[in-house]
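A.B. asks: Please see the structure below; I have some questions.
The values are calculated or read from the model by the stated rules, or taken from the named source; none is laboratory data. Values in this document were obtained by computation on a predicted structure and should not be read as measured data. Cβ placement follows ideal geometry from the backbone for every residue including glycine, while neighbour counts extend to all protein chains displayed. Ligands, DNA and RNA are stripped out before the accessible areas are found, and what is left, the full protein with its side chains, is counted by its heavy atoms. Shrake-Rupley method; radii C 1.70, N 1.55, O 1.52, S 1.80 Å.
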Amino acid sequence: MAGFRIGRGRDNNRTPQQPPRQQPYGQQQAPQAPAPYGQQPYAPQQWPQQAAAGGHGEPEYFDPHTGHGAGHGQGPGPGYGYGQGPGNPSDAPGYTQAFAIGEDPYPYNQGATYQAGAAQAAAPTGPRLPWKELLRGIVTRPGPTFLQMRDYAVWGPALIVTFLYGLLAVFGLDDTRKDVINATLTKAVPIVLSAGVAFVLCGLILGAVTHTLARQLGGDGAWQPTVGLSMLVMSLTDVPRLLFAMFLGGDNMLVQVLGWATWVAAGALFTSLVAKSHDLPWPKALGASAIQLVALLSIIKLGTI
């Protein structure tokens, strides 16, 4: 007999479908957006949970470019707020970011050039000083002079002044002065010239030591201005003592007093020089020039070396 088979058919082996579970009110799942080709579909999170986690209570939107959400909240998940999360999604095309009035939207200055591992030194405060104004400024106004010349090499004045000082320094030491005066001209000239060269080399070495210590203490100055200016300070501060020592001798009381006074003045000038050239506070600047001050005291002022 012909008849209908109730409950039989080609869908007999299929498991019965369960009715979709109803979500509580206010927690309906947002419809899933189609994923781009080659990417896994993304299941957006429920925005009420983000609101409970500290967000603003707004839904999370799907980003078709990255496959992640781009919500405004601060809750967990791939949706990040403005300026949060890896890559800063607010900088991507199609996103907007709010800025306060007067705030620079760019984190870096467009006119500055960044160099890895190099400190950003300040711009020169003025033009290069001629040698006469430079020598006069070290004595009369050392602070502004050092600040203005912190980016300029002064090899010419430094080498000439130090060499001339070395030629005269021979006559400021008692034993050396006697040897030069009692020697013949052919022997005296090499002694005087070698003394000038020796003082130039001594100034170069001591200036390099001061610069190295300043950099170790956090300074950012250049080595050429530091070494050149330190040679000028070393030579110019000892001129008053040297003038009296050439005629009165190094053991004279007035010469000794001038020696200590000029040594203190040299310490003040070295401290100002390192502080202005390397942007250091005065205790660190004084510490950087300590070795050079001790060497000058032993070699020139006291004559023990």
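A.B. asks: What's the carbon and sulfur percent of segment 178-269's accessible surface, probe 1.4 angstrom, rounded to a whole number?
C.D. replies: Exposed carbon and sulfur together represent 74 percent of the surface.
A.B. asks: Sequence neighbours fewer than 8 away in the same chain don't count; with that in mind, list the lysines whose C-alpha is under 17 Å from LYS187.
C.D. replies: Candidates past the 8-residue exclusion: LYS178.
A.B. asks: At ALA208 and ASP174, where each label point lies 7 Å from the Cα along Cα→Cβ, what is the point-to-point distance in nanometres?
C.D. replies: The modelled label-to-label distance comes out at 3.5 nm.
A.B. asks: If you don't mind, another one. Show which lysines lie in cross-link reach of LYS276 when reach means a straight Cα distance below 17 angstrom and same-chain residues fewer than eight apart are skipped.
C.D. replies: LYS284
A.B. asks: To continue, here is another question. Residue separation times 0.36 nm, minus the C-alpha to C-alpha distance between LYS132 and PHE247: what's the value?
C.D. replies: 38.7 nm
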